[in-house]
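First the structure, in the form of structure tokens, and then the observations on it.
Just so it is clear, none of the values below were taken in a lab; they were calculated from the coordinates. Computed from a predicted structure; not experimentally measured. For neighbour counting, all protein chains shown are included, and Cβ atoms are generated from backbone atoms with ideal geometry for every residue, glycine included.
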Amino acid sequence: MSSISVLNALIIIGMLITAFCVVVLDDILPCVIASSVVGTFVALEFLLLRAPDVAIAEGAVGAILTPVIFIIALTKVKKYDKDKKEETK
């Protein structure tokens with residue numbers, strides 16, 4: 001087995017483990033972080049498959065942009081919930 005095959009298998013195993021974590025975890029922030037790691041593994045897999053253009057796009061969108069948007073949305077929702085709780089008191 002070549003070193004590329006071993007690396008390919010390790011990336012796929014890492015992708016499966018982190019995707020399972022996204023489904024199993026209860027808290028939202030760790031799920032967002034795990035989904036970012038899944039995006040990073042997918043980008044690495046595309047790089048191994050010799051598709052650097054797709055790897056760059058997946059790295060930018062799947063590993064960086066989407067989690068940042070989710071985290072910003074989470075902070076705004078938590079801030080909104082905190083303001084609503086203060087109004088009801």
Compute the angle between helix 28-48 and the longest alpha-carbon principal axis of the chain, please, reported from 0 to 90 degrees and rounded to the nearest 10. 20 degrees
Let me understand the chain better: what is its radius of gyration from the alpha carbons, and its Dmax, in angstrom? 17.2, 65
At a 10 angstrom cut-off on C-beta neighbours, averaged per residue, how do the peptides 28-36, 73-81 rank from highest to lowest? 28-36, 73-81
Nearest-20 debye value, the chain charge dipole, Cβ charges on Lys, Arg, Asp, Glu: 260 debye
